[in-house]
1. Listed residues V42, V60, V72; which is outside the structural domain of A214 (by TED's automatic domain parsing), at negative phi and modelled with pLDDT under 90?
2. Which one is surrounded by the fewest Cβ atoms within 10 Å (Cβ to Cβ), of the residues in the stretch 162-192 that are in contact with a helix residue (DSSP H, G or I) (Cβ under 9 Å, 6 or more places away or on another chain) and among the polar types (S, T, N, Q)?
3. Considering only the stretch 236-263, state which residues are part of a loop (DSSP other than H, G, I, E, B), under 26 Å from the mean Cα position of the chain (by Cα) and either surrounded by fewer than 17 Cβ atoms within 10 Å (Cβ to Cβ) or modelled with pLDDT under 85 (or both).
4. Test of understanding: among H230, H162, which residue is at pLDDT 90 or above and either assigned to a helix (DSSP H, G or I) or farther than 27 Å from E80 by Cβ (or both)?
5. Collect the residues in the stretch 196-226 that are assigned to a loop (DSSP other than H, G, I, E, B), among the aliphatic types (A, V, I, L, M) and either modelled with pLDDT under 85 or under 14 Å from Y41 (Cβ atoms) (or both), keeping them in residue-number order.
6. Which pairs have Cβ atoms under 7 Å, sit 6 or more apart or on different chains, and link a residue in the stretch 177-200 that is on the phi > 0 side of the Ramachandran plot to one that is surrounded by fewer than 14 Cβ atoms within 10 Å (Cβ to Cβ) and in a strand (DSSP E or B)?
Amino acid sequence: MKRWLLLLAACGAPTAPAPQARDTPVTPRVALADAAESRGYVGVITAAESVDIAPRFQGVVATVLVRAGDVVQANQVVAEMDRKSMQEELRAAEAALGAAIAANRQAEVDVEAARGKLTLETKMVADGVSPRVNLDEAQLALKRAEAAAQKAQSAVAQESSHVQTARDHLADLALRAPHEGTVAMRFKDPGATVAPGAAIVRIVGHGALRLRFAVPPEQAHLLALGATVHATVETLAQPVAATIKQVSPALDPSSGLIIVEAELASDSAGARDLRPGLAARVQ
């Protein structure tokens, strides 16, 4: 009897209902975008004119004549490359050119000699005093001499180019500011070896400043050219206005956002206190 009761209890016992999973609230993408818009976008103040002063060739920095904060004029010398290394480069290039010219002269002599040999063998074969094989060898020797002469001429042209490049480097030892501005950064000191295009100093112009910021792609259509945005900078008490001048047509590969540039109004309150590199919150 007890066995039957146990079996009935095991089979007929009601199963407790499984707990239902509660719905997890999901924040819509639109809500996230609205929240980002309410907080504003992170931006940075940049100079409309900014240039890195760098040599076009590898060399050693001889002197840097400016420091950060110095005001420079257009065409002012801001740095100079070492002359000694450039003079050595020129001497080496001229020596290589001289060797190439000598080799080219020798190649021209070899061509004339091969042509004379071919003329002689042609006459001797016609007279029957020399075998045909000698004529064939003379023709092949001429072709080889002409090929060597063409190679020697190419070497002369190449070494001439090296000499001209070395002379240009000597003429470009003085690095000048392309426009009036202020030295923002000094990257190298005298004695440093720099590669072609490596910046020595950075100069920002005295023109209008720009505001650069990024927005999500779905909100880029809200920013039309000529529209006004306002930027809050910690160092200023009041926001400054800026006019949108450029909206990138493509996504920035590193952030996946759209880059926007706006020109700051020079007549805004506190605009004179703005400096390139300041962070801003754009509304």
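The values are calculated or read from the model by the stated rules, or taken from the named source; none is laboratory data. Small disclaimer: the values here were computed from a predicted structure and weren't measured. Neighbour counts are summed over all protein chains in view; Cβ atoms, including those assigned to glycine, are modelled from backbone coordinates with ideal geometry.
1. Details: V60 fails: modelled with pLDDT under 90; V72 fails: modelled with pLDDT under 90.
Matching residue, one of V42, V60, V72: V42.
2. Top of the filtered list is Q164.
3. Here is the first cut: in the stretch 236-263, the residues part of a loop (DSSP other than H, G, I, E, B) are 236-239, 248-257.
Narrowing further to those that are under 26 Å from the mean Cα position of the chain (by Cα): 248-257.
The answer is S248, P249, A250, L251, D252, P253, S254, S255, G256.
4. Details: H230 fails: at pLDDT 90 or above.
Result of the check over H230, H162: H162.
5. Kept after step one, since they are assigned to a loop (DSSP other than H, G, I, E, B), are these residues of the stretch 196-226: 196-200, 206-208, 216, 223-226.
Filter again for among the aliphatic types (A, V, I, L, M), leaving 198-200, 208, 223-225.
Hits for the stretch 196-226 are A208, L223, A224.
6. none
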